[in-house]
Amino acid sequence: MAAVAGAAAIALTMSACGGGDDKDSGSGGSGGGSAAPGGAGSSGDLTVLITQETRGVDPAIATISSVNGGTQAAAVFDVLFWINPKTGKVEPQLAESATTSEDGKVWTVKLRPNVKFTDGTPLDAEAVKFNWERHQDPAAKSVAALAAKDLKFDVVDPLSLKVTLPTPNIHFDQMIAHNLAFIGSPTAIKADPAGFATKPVGAGPFKVKNWVRDSAMTLERNPDYWNKDRPLLKSVTFKPVPDQNQRLNSLASGQADLVTTINFKIVNDAKDKGLTVAYAEKNGGFMTMFKTDKAPFNDPRARRAYALIMDAGNRNKLIQGPAGADQTLSTFFQPSSPYVNPDAKMPSQNKAEAQALLDQLAAEGKPLSFTYTTNDSPAARKSAEYWQTQLQGMRNIEMKTEFLNGALYGSKVMIQREFQAAEFNVFFDDPEPLFYNILHSKGAENRTGYSSPVVDAALDKARNSTDENVRKEQYGIVQAEIVKDLPFWSYEKGFMAAIQGKKGKVDGLELFEDGLILFDRVSVS
């Protein structure tokens with residue numbers, strides 16, 4: 001689970017970051033940062049509270065999302081590249097550059113020299129090739145399978161990998177940063193493919209010391225990290241704490257250092273407790289997504305009826321507190337975005353129109369009956385229960401609820417894509433690659449099965465243009481189509497936030513995507 005170029009990066013105390021300014025992503029620097037040197041004298045222990053335990057720390061399982069194991073994976077694997085929310089540009093981390101031919105069909109990824117996994121295996125072109133080919137293997141059941149599909153790889157030299165795409169994409173570096181950023185040790189994966197997710201080996205700033213599931217994962221400093229001045233911490237501990245009040249109390253009492261969150265209520269509650277909060281809006285938002293290629297939501301009338309029944313503003317006020325009404329989403333892009341189509345608004349409540357659509361479906365022998373799948377957190381349960389109350393007095397509609405823990409939800413909804421309607425969220429900075437991924441019929445994260453020739457054509461044109469006027473026009477077309485077709489219905493604005501506890505002072509915190517952390521530059525005093 002990625003505001004637009006120029007949006008402010010979120011930070012408690014910012015460190016400078018390296019990276020090039022050209023379209024070709026690259027820098028020969030060390031990744032930037034003005035924090036004090038690390039090395040053997042690194043000290044400080046960071047305790048991060050997470051919402052739920054991850055299914056595993058594995059490039060085939062974790063996504064670039066703080067709610068799907070991405071936080072832990074970023075600490076263990078680091079990333080090849082990352083998308084800087086200040087600029088919308090791709091920045092190098094473990095890699096040095098990604099350059100393309102004129103048509104964007106052939107790319108060369110250049111890696112940093114002398115980078116090794118914690119088992120001593122080189123992180124070289126062969127290692128990247130192995131990981132990306134593993135995504136293509138159906139047996140891996142990888143979340144990045146579609147992102148890697150039909151890519152062809154040639155090792156040019158130990159530090160250079162040529163990637164040939166099935167179709168041109170001048171923004172492929174953003175695809176790498178969003179979908180293919182984590183690299184695991186080929187040696188460790190081959191030795192124990194099934195167990196790798198519980199005993200991960202990466203080249204990141206930290207390595208796993210101890211992991212007691214549903215209790216704590218403790219990471220210790222990687223002394224052989226490629227940047228010899230980093231990491232700045234001695235250890236990082238992740239503790240899954242599903243209850244938001246418990247997370248806040250732990251921060252306020254000095255038992256933990258940090259929470260990254262996409263829960264608006266916890267942000268306001270943290271402010272009430274006098275905690276330091278950093279907050280940044282994102283494009284996209286929280287949504288109900290529909291499986292549009294299977295009954296009953298293969299009929300667009302069923303999707304529109306659902307959306308017209310629901311009162312988004314009242315739901316947000318109920319779930320997120322009085323200020324939640326201001327979080328109600330109208331356009332899928334922020335109003336300040338250069339790509340927003342202000343006329344493409346999500347439908348608002350109109351129960352009379354909804355009932356007419358439901359009656360049409362029933363008259364055709366298709367009364368709307370479906371299961372709504374979501375995770376089993378208290379907030380998700382409360383939200384699903386609210387949606388059910390909205391059905392009171394409506395005819396020809398039945399909604400059942402399915403509550404799954406994080407691991408099962410990830411497997412069923414994100415990988416197997418077995419659902420009818422499901423709670424989801426999509427946040428992004430630049431529209432590439434996520435907007436393409438979720439909406440193009442061949443998109444790597446198109447879990448709804450949505451297919452529209454108009455949307456496909458517009459996304460293809462936007463993907464292969466650097467002309468901002470062209471991109472704005474084409475993304476405007478896409479926005480108009482999705483509020484008409486409704487592969488998903490969005491009701492709450494996207495954002496990311498970080499809350500600092502009273503245990504210590506956290507410096508150098510650089511967040512990206514929906515709240516992932518670049519752990520090499522974080523320190524605690």
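The values are calculated or read from the model by the stated rules, or taken from the named source; none is laboratory data. What you see is a predicted model; the values in this text were computed from it and never measured. Note: ideal-geometry Cβ built from the backbone for every residue, glycine included; neighbour counts use all protein chains shown. Ligands, DNA and RNA are excluded from the accessible area calculation, which covers all protein heavy atoms including side chains. Shrake-Rupley method; radii C 1.70, N 1.55, O 1.52, S 1.80 Å.
Before we move on, is residue 443 modelled with pLDDT under 95 and either buried (at least 24 other Cβ atoms within 10 Å of the Cβ) or charged (D, E, K, R) (or both)?
Against the criterion (modelled with pLDDT under 95 and either buried (at least 24 other Cβ atoms within 10 Å of the Cβ) or charged (D, E, K, R) (or both)), residue 443 does not qualify.
For the stretch 200-214, how many residues meet the condition of being open to solvent by 60 Å² or more (accessible area, probe 1.4 Å) and modelled with pLDDT of 95 or more?
Start the filter on the stretch 200-214 by keeping residues that are open to solvent by 60 Å² or more (accessible area, probe 1.4 Å), which leaves 207, 209-210, 212-214.
Narrowing the set further to residues that are modelled with pLDDT of 95 or more leaves 207, 209-210, 212.
Count: 4.
Can you tell me which condition residue 155 does not meet? The list is (1) hydrophobic (A, V, I, L, M, F, W, C); (2) crowded, with 19+ Cβ neighbours inside 10 Å; (3) touching a strand residue (DSSP E or B) at 6+ places or on another chain (Cβ under 7 Å), and all the others hold.
(2)
Looking only at the stretch 489-522, count every residue that is outside any strand (DSSP E or B), basic (Lys, Arg) and open to solvent by 10 Å² or more (accessible area, probe 1.4 Å) and tell me the total.
Here is the first cut: in the stretch 489-522, the residues outside any strand (DSSP E or B) are 501-505, 508-510, 513-515, 518-522.
Pick out the ones that are also basic (Lys, Arg) and you get 502-503, 505, 521.
Narrowing further to those that are open to solvent by 10 Å² or more (accessible area, probe 1.4 Å): 502-503, 505.
Within the stretch 489-522, residues that are outside any strand (DSSP E or B), basic (Lys, Arg) and open to solvent by 10 Å² or more (accessible area, probe 1.4 Å) number 3.
Given the options 2, 40, name the one that is small (Gly, Ala, Ser), open to solvent by less than 10 Å² (accessible area, probe 1.4 Å) and modelled with pLDDT under 85.
2
Counting only residues that are under 20 Å from residue 515 (Cα atoms) and among the charged types (D, E, K, R), which one in the stretch 252-274 is least open to solvent (accessible area, probe 1.4 Å)?
Checked the stretch 252-274; the qualifying residue least open to solvent (accessible area, probe 1.4 Å) is 257.
Among the aliphatic types (A, V, I, L, M), modelled with pLDDT under 95, crowded, with 24+ Cβ neighbours inside 10 Å and under 27 Å from residue 514 (Cα atoms): is that true of residue 95 in this structure? Don't jump to the end; show me each part of the working.
On the way: among the aliphatic types (A, V, I, L, M): yes; modelled with pLDDT under 95: no; crowded, with 24+ Cβ neighbours inside 10 Å: yes; under 27 Å from residue 514 (Cα atoms): yes.
Spelling it out, it is not the case that residue 95 is among the aliphatic types (A, V, I, L, M), modelled with pLDDT under 95, crowded, with 24+ Cβ neighbours inside 10 Å and under 27 Å from residue 514 (Cα atoms).
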